[in-house]
Amino acid sequence: MLLRDIEGIVRIPDWRLTTAEILYHLPDHPGVLQSFLWQKVDQAPRFPELSRFLAFWQREIEGPLHSVRVASSALTRPAEFRYAEGQFNLH
């Protein structure tokens, strides 16, 4: 039985490594954007840890948010590999 078959039977919370690129305005120079990279294990697709961090940011940090781009291993799955039958010579 494969893992994807088991997931249909047993619901395993989807906790995966999540990376967020946060663009924010500098407090002293509002026309300038700064980038901040955040990474933590989070549950897709709700992302409670990221939501908690963004709420903290808005409450405690002076730099207003511009945009947040999220990448998660739950959103982007690794490629599946297949073995090719054949031999390829380069020279």
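Working ranking of peptides 16-27, 56-67 by packing, defined as the average number of other Cβ atoms within 10 Å per residue, highest first, is 16-27, 56-67. In this label model, residue 58 and residue 28 are separated by 2.7 nm, measuring between points 7 Å along each Cα→Cβ vector. The label-point distance for residue 51 and residue 69, in a model that sets each label 7 Å from Cα toward Cβ, rounds to 2.4 nm.
Values in this text are rule-based calculations from the coordinates and carry no lab data. Being a predicted model, the structure only gives us computed values, none of them experimental. Ideal geometry is used to build each Cβ from the backbone, glycine not excepted, and the neighbour counts take in all protein chains shown.
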